[in-house]
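> I am attaching a structure below and will ask some questions about it afterwards.
Just so you know, all these numbers are worked out from the coordinates, no wet-lab data involved. Just so you know, these numbers come straight off a predicted model, no measurement behind them. Backbone-built Cβ (ideal geometry, glycine too); neighbour counts: all protein chains shown.
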Amino acid sequence: MSTETNPQAEPEHIAISKSKGIEVDWVDGTHSSLPLELLRRECPCATCTGAHGTPPQKWEPDTNPLRVYQAKLKMESVEAVGNYAIRIFWSDGHNAGIYSYNHLRALSQGATS
């Protein structure tokens, strides 16, 4: 995995809402809104992507109408990983994904506001 960032994937400002998602202002003037569900579903870890030759285990919200209670997905915390990524600790216990700025920028191409 390359740690080099694409010049367009340089964040100027990152705003984190643990209950809504991440807003990124990129140095090229673009603004991105990345909702929680998108970030969790597109986790770049080996388990979620199937990088070990196993089937990808993508997260999907539980849509069982008979479920009495389901805890709402949220970010417990977020930490910087060097100068190229962030790591999200999810309320469902998952925390293996390292979201590079390149990955966040790629995700934002479909979610840019």
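> May I ask you to compute the full-extension gain from Val27 to Lys58, defined as 0.36 nm times their residue separation minus their alpha-carbon distance, rounded to one decimal in nm?
Values: separation 31, 0.36 × 31 = 11.16 nm, distance 3.05 nm.
Extra length from Val27 to Lys58 when fully extended: 8.1 nm.
> Another question about this same structure. What distance in nm separates the simple spin-label points at Leu38 and Asn83, each placed 7 Å from Cα in the Cβ direction?
With each label placed 7 Å out from Cα toward Cβ, I get 2.7 nm.
> For the residue pair Asp92 and Ser17, what label-to-label distance in nm results when each label sits 7 Å from Cα along the Cα-to-beta-carbon direction?
Those two pseudo-labels are separated by 2.1 nm.
> For His13, His52, His31, His103, what ranking results if the residue with the fewest other Cβ atoms within 10 Å of its Cβ goes first?
Details: His13 10, His52 7, His31 13, His103 20.
Placing the least packed residue first, the sequence is His52, His13, His31, His103.
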